Each structure stands twice: as C-alpha cells, then as structure tokens.
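What follows is a short report on a single structure.
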Amino acid sequence: MNTTTIETKTALDGAVNPDVREAPLSSAQITDYDHRQTVGRITADNPKMACREVNVYYSEKHALRQVSLDIGANEVIAFIGPSGCGKSTFLRCLNRMNDTIVSCRITGHIQLDQDNIYDKSIDVVQLRARVGMVFQKPNPFPKSIYENVAYGPRIHGMINGKAELDELVYASLERAGLIKEVEKRMDEPGTSLSGGQQQRLCIARAIAVNPEVILMDEPCSALDPIATAKIEELIDELRENYTIVIVTHSMQQAARVSQRTAYFHLGDLIEVGETDQIFTNPRHKLTEDYITGRFG
C-alpha cells in the first residue's frame with residue numbers, strides 16, 4: 001500500500017527568513033544552522049508554484065527539511081548541489097512523482113496557482129499534464145515519432161479529429177526544435193533518433209498536452225556538448241510560454257539557462273537568489289564552498 005501522505009496548511013506564510021544576510025555565514029553560524037533559515041528571498045513576484053515547509057521522509061530518513069520556495073511564472077529556476085542533497089527529491093514533489101515510492105511521506109504545502117496539489121480532490125493524472133516531466137535519460141515510447149507526441153493529447157481527450165491532431169503534433173515538434181529533422185520520418189520509431197533528438201522528442205511529448213510547468217531532471221547529463229547546446233537554446237525559447245525547473249550538476253549550465261538558482265545541501269535549501277548573484281556573490285559559506293569547488 002502506498003503510504004505517501006501530506007499534511008497541509010490553510011494559508012501560505014510568506015518568506016521563511018526575512019532577515020537577508022549580506023555576507024557568507026561564519027563557521028559557527030553554519031554549525032547552528034536553522035533548517036528554516038534559507039538565505040535569500042524565497043518569494044517570487046509572480047509565483048506559479050508556492051512551496052512552504054516541505055519535508056520528505058523515506059521511512060525513517062529525513063531527506064528534505066523545511067523547504068520553502070516560490071517558483072516564478074515564465075522563469076527558469078535551477079536547483080544545484082552535491083549528489084544526495086535533495087534537489088531531485090524536491091523536484092519530484094512538484095508533480096507528485098514521489099507518490100510512486102511506498103516508503104515516502106511528505107509534509108508541508110505545495111500550491112500550483114490556487115490549487116493545493118496534494119489535496120484529495122486533485123486528479124494526479126491531470127496534475128502531471130499541468131506539470132510535465134523530462135527525465136535524465138531520454139525515454140521515448142516504443143512507438144513512432146508521431147505517436148510519441150500524439151499519445152498525451154489522445155489520452156487527455158484534447159483533440160477532435162485527425163487534422164487537429166496532426167496540427168498539434170507538428171506544432172509541438174516545431175516548438176521542441178525538432179520538426180525539420182523528423183518531418184519526413186514521422187513513422188519511424190522514436191528510439192531511432194539520436195540521444196539529443198530523443199530528448200527533444202520527450203520535450204515535444206511533454207508540451208503537447210499544454211503544460212504550465214516543465215520539470216527537467218538533469219536533461220543533458222547523457223548528451224554530448226552539441227546536443228546539450230540545442231537543449232539549452234530550447235529551454236531559453238520555451239521560457240516565453242512555460243515555467244521551467246531544472247536540476248543540474250553543471251554549474252555552467254545553471255548559469256547559462258536560469259534566472260534564479262537554489263542551492264541544496266544535505267536536505268536543506270541553503271540559499272536562493274538571482275543566478276548572477278549566486279555565482280558571483282554567494283551569501284552563505286556552504287554555497288560559496290560549492291561554487292568555488294571546495295566540495296561537491
């Protein structure tokens with residue numbers, strides 16, 4: 001039996017730590033670090049998603065502690081930090097992918113627009129259409145290129161007739177920057193494409209159901225530099241129509257594609273801020289140590 005639960009609150013509380021520190025914390029301050037005292041501004045001027053005091057437990061392991069963060073509309077926000085720090089765990093909370101883990105328990109509040117996504121009335125299938133996911137390894141369905149993109153609109157009842165479906169499939173592939181490469185190969189298997197093309201196909205599949213938010217979990221980690229550059233260009237273009245959250249181990253990638261960056265460490269959200277500020281003038285010593293390569 002799936003034991004994933006969430007304890008919700010009736011209202012969002014605002015910033016967890018209104019006291020913004022101007023300099024990195026000292027070693028003594030780090031030792032006494034309060035999980036709720038994320039450095040920087042956790043709020044966004046135009047939030048698409050709002051998360052407050054989110055905790056994640058895997059059985060007895062407390063994997064994510066008191067994370068509060070807004071995700072702004074039409075922004076790219078990057079989650080960075082060492083392996084096992086909780087960034088992918090938090091990402092998976094945003095469309096309830098952690099529901100599939102039997103030992104997972106979640107507390108806190110996560111809101112998409114005005115909807116508490118863990119409310120019992122929420123249809124998880126519809127939620128994942130609104131908050132799409134692109135995984136680390138490209139995972140096209142064992143279907144044709146056309147059917148990969150058509151699958152979501154079909155199951156969600158979004159189309160009326162073949163002509164409308166054709167238009168949607170071609171438009172999604174065009175938005176994903178793939179149509180010129182596949183328009184004469186639509187009946188070929190999605191798995192026949194190169195790795196970078198497969199990842200763009202997965203992005204086309206995600207946007208075909210007209211999501212509001214796109215989650216990307218290290219989408220370029222398995223790709224070569226040329227394919228990575230194409231995905232990064234695509235992310236910048238998609239920001240006009242979508243809110244994007246990307247988990248990446250590449251600080252260079254975070255600097256290139258995001259407007260805000262959040263740094264996680266051992267289950268805590270340590271610091272969040274404008275990307276330029278995070279990489280040039282981090283306020284917390286843990287962030288500074290990670291950015292400068294002292295650990296990671």
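Which residues, taken from the range 155-167, are loosely packed, with under 15 Cβ neighbours inside 10 Å, assigned to a helix (DSSP H, G or I) and either of a type in the set (Lys, Arg) or more than 26 Å from the chain's Cα centre (by Cα) (or both)?
Selection gives 162, 163, 164, 166, 167.
Please report, ordered by residue number, the helices (runs of 4 or more DSSP H) entirely within the range 194-296 with at least 1 residues that are hydroxyl-bearing (Ser, Thr, Tyr).
225-238, 275-280, 285-291
Out of (1) closer than 25 Å to residue 129 by Cβ; (2) in contact with a strand residue (DSSP E or B) (Cβ under 8 Å, 6 or more places away or on another chain), what's the single condition that is false for residue 240?
(2)
Before we move on, is residue 127 out of contact with any helix residue (DSSP H, G or I) (no Cβ under 9 Å at 6 or more places or on another chain) and either in a helix (DSSP H, G or I) or under 28 Å from residue 49 (Cα atoms) (or both)?
It is true that residue 127 is out of contact with any helix residue (DSSP H, G or I) (no Cβ under 9 Å at 6 or more places or on another chain) and either in a helix (DSSP H, G or I) or under 28 Å from residue 49 (Cα atoms) (or both).
Within the range 247-256, identify whether any single residue is out of contact with any strand residue (DSSP E or B) (no Cβ under 6 Å at 6 or more places or on another chain) and among the basic types (Lys, Arg), and answer yes or no.
yes
Suppose the filter is modelled with pLDDT of 95 or more, hydroxyl-bearing (Ser, Thr, Tyr) and buried (at least 21 other Cβ atoms within 10 Å of the Cβ); does residue 38 pass it?
In short, no.
Of the residues 244, 214, which single one is among the β-branched types (Val, Ile, Thr), surrounded by 18 or more Cβ atoms within 10 Å (Cβ to Cβ), at pLDDT 95 or above and within 22 Å of residue 143 (Cβ to Cβ)?
The match here is 214.
Any residue at all in the range 75-88 that's of a type in the set (Asp, Glu) and over 28 Å from residue 279 (Cβ atoms)?
Checked against the condition, which is being of a type in the set (Asp, Glu) and over 28 Å from residue 279 (Cβ atoms), the range 75-88 yields no hits at all.
Tell me which of these residue 102 doesn't satisfy, since it passes every other one: (1) within 25 Å of residue 248 (Cα to Cα); (2) hydrophobic (A, V, I, L, M, F, W, C); (3) not in a helix (DSSP H, G or I).
So the condition that residue 102 fails would be (1).
Can you confirm whether residue 86 is touching a strand residue (DSSP E or B) at 6+ places or on another chain (Cβ under 9 Å), more than 26 Å from residue 151 (Cα to Cα) and not hydroxyl-bearing (Ser, Thr, Tyr)?
Spelling it out, residue 86 is indeed touching a strand residue (DSSP E or B) at 6+ places or on another chain (Cβ under 9 Å), more than 26 Å from residue 151 (Cα to Cα) and not hydroxyl-bearing (Ser, Thr, Tyr).
The values are calculated or read from the model by the stated rules, or taken from the named source; none is laboratory data. Quick caveat: nothing in here was measured; it's all calculated off a predicted structure. Neighbour counts run over all protein chains shown; Cβ positions are idealised from the backbone, glycine included.
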